[in-house]
Amino acid sequence: MTILVFVGSLLLAMAMGIPIAFSLLASGVALMWHLDLFDAQILTQNVIGGADSFPLLAVPFFMLAGEIMNVGGLSKRIVDFALALVGHVKGGLGYVTIMAGCLLSALSGSAVADAAALTALLLPMMVRAGHDKPRAAGLIAATGVIGPVIPPSIGLVIFGVAANVSISKLFLAAIVPGLLIGGALWITWAWLVRREKIVPPPRKSSAEIAAAFRNALWALMLPVIILVGLRMGVFTPTEAAVVAAVYALFVSTVIYREITWKDLYAIFVSAAKTSAIVMFLIAAAMVSAWLITVADLPSKIVGMLQPFMDNRMLLMIAIMVLVMVVGTAMDMTPTILILTPVLMPVVKAAGIDPVYFGVLFIINNSIGLVTPPVGTVLNVVAGVGKISMDDVTRGVVPFMLAEFAILFLMVAFPQLVIVPARWFGG
């Protein structure tokens, strides 16, 4: 009955069109009434305490860094460098999209920011080159999924806080899985464009490639600084977010000079608005997280999944299928915040590595960003690229299936995540 009250009130509030943050508060209040625990003071304390977290400071700073990179020319130079490297091969613009997406993922950590930048920069070029527009838009949307996987990742930060798992370990463990997703997209694109009769542009000379590399060098140094700093223990993930924002601001204003001091107000306001939405979501979800613990919902979920507890692979498959279903109807952040306190006790009881689970959980939630009908990234690509949602959805299907294939490959072979994570983590 407790699960029914929580899920039913949440779904009812969402069906009424209430924003997800307020729906979470409504479901929390409904659960408090059901448990005879309603107290406005407890509600307020949990909302305030939910956002009062030092690790969560990484969220607004990474979002600020992403805004600065897109406006300040870092994203454009990374695309130009990828174009110089592989733009001349058949289907080269698709490979440019994947390469640029992986590099941008190591800068912003946001699927929406990466997808918007790639759509604005590359979709018109791909259409002019003769590529099918829905397929090109689908590739860009699927590439945006890599954003919350390759560190720095806002999704991993939120999961780390909600699950009390080391964010640094999550960051380092997600590098290889993110690159595997990029590889799957590369192979899928190569298969799809093999019969296209498109004449690629001429190969860039060594001098032009070197020039593109020099122009992008300052942007390319940022992920190196972050990953080396985390690996060597120079700074925490929260401090890495500050380093990313300050570095991006310095490069954009002093080196590239594409941002003037007058532009900063609009950039800060945009980042603040996005951060406020995410942080309020987190604060609202912490009410539900507290009540989930009080109502002992995790033990009930453990009981429901008891038939799978003796087989870790079957349990992971069951959990991943559950997350896939939820991801079709809910955005990434609320899914993380709602399911993490429910699933983590199950994962620990089964003896599954929390870092391994966290990486797969975030990958699954990231793919949810391109699964209809919600598909936040699909909406972004459709809006920026001026293409219908149906066309983007049709174009993304083969790439989405390739990403799910990689996800379940990592379920079947945990070493794909665990071994590189141990190597990066020392």
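Here are a few things to note about the model shown:
- When residues of region 119-140 are limited to those that are touching an Asp or Glu at 6+ places or on another chain (Cβ under 9 Å) and part of a loop (DSSP other than H, G, I, E, B), the one surrounded by the fewest Cβ atoms within 10 Å (Cβ to Cβ): Gly130
- Those residues of region 22-60 which are of a type in the set (Gly, Ala, Ser) and in contact (Cβ under 8 Å) with a residue 12 or more places away in the chain, in sequence order: Ser23, Ala26, Ser27, Gly28, Ala30, Gly49, Gly50, Ala51, Ser53, Ala58
- Complete set of residues in region 337-374 that are at negative phi and assigned to a loop (DSSP other than H, G, I, E, B): Ala350, Ile352, Asp353, Thr371, Pro372, Pro373, Val374
- From Val411, Val377, residue being under 21 Å from the mean Cα position of the chain (by Cα), touching a residue at least 40 places away in the same chain (Cβ under 8 Å), buried (at least 23 other Cβ atoms within 10 Å of the Cβ) and not in a loop (DSSP other than H, G, I, E, B): Val377
- Leu322 meets all of the listed conditions (1) crowded, with 16+ Cβ neighbours inside 10 Å; (2) modelled with pLDDT under 75 but one, namely (2).
- When each of Gly178, Gly155 is tested for being under 21 Å from the mean Cα position of the chain (by Cα) and either at pLDDT below 90 or of a type in the set (Ser, Thr, Tyr) (or both), the lone residue that passes is Gly155.
- If the condition is being more than 23 Å from Thr119 (Cβ to Cβ) and either at pLDDT below 90 or of a type in the set (S, T, N, Q) (or both), then region 348-382 contributes Lys348, Ala349, Ala350, Gly351, Asn364.
- Look at (1) more than 20 Å from the chain's Cα centre (by Cα); (2) touching a residue at least 60 places away in the same chain (Cβ under 8 Å) and you find that Val86 fails only one, number (2).
- Residue match in region 329-336 (condition: more than 30 Å from Met126 (Cβ to Cβ), in the same structural domain as Val234 (by TED's automatic domain parsing) and more than 16 Å from the chain's Cα centre (by Cα)): yes
- Matching residues, region 199-230, being more than 21 Å from the chain's Cα centre (by Cα) and not hydrophobic (A, V, I, L, M, F, W, C): Pro200, Pro201, Pro202, Arg203, Lys204, Ser205, Ser206, Glu208, Arg214, Asn215, Gly229
- Test result for Phe62, in a helix (DSSP H, G or I) and either among the basic types (Lys, Arg) or within 17 Å of Phe171 (Cα to Cα) (or both): yes
- Flag for Ile175 being of a type in the set (A, V, I, L, M), in contact with a helix residue (DSSP H, G or I) (Cβ under 9 Å, 6 or more places away or on another chain) and buried (at least 24 other Cβ atoms within 10 Å of the Cβ): no
- Checking the stated criteria, Trp191 turns out to be farther than 20 Å from Val417 by Cβ and either assigned by TED's automatic domain parsing to the domain that holds Asn215 or assigned to a helix (DSSP H, G or I) (or both).
The values are calculated or read from the model by the stated rules, or taken from the named source; none is laboratory data. In this text the structure is predicted, and so the values were computed from the model without any measurement. Positions of Cβ are generated from backbone atoms using ideal geometry, with glycine treated the same way; all protein chains shown enter the neighbour counts.
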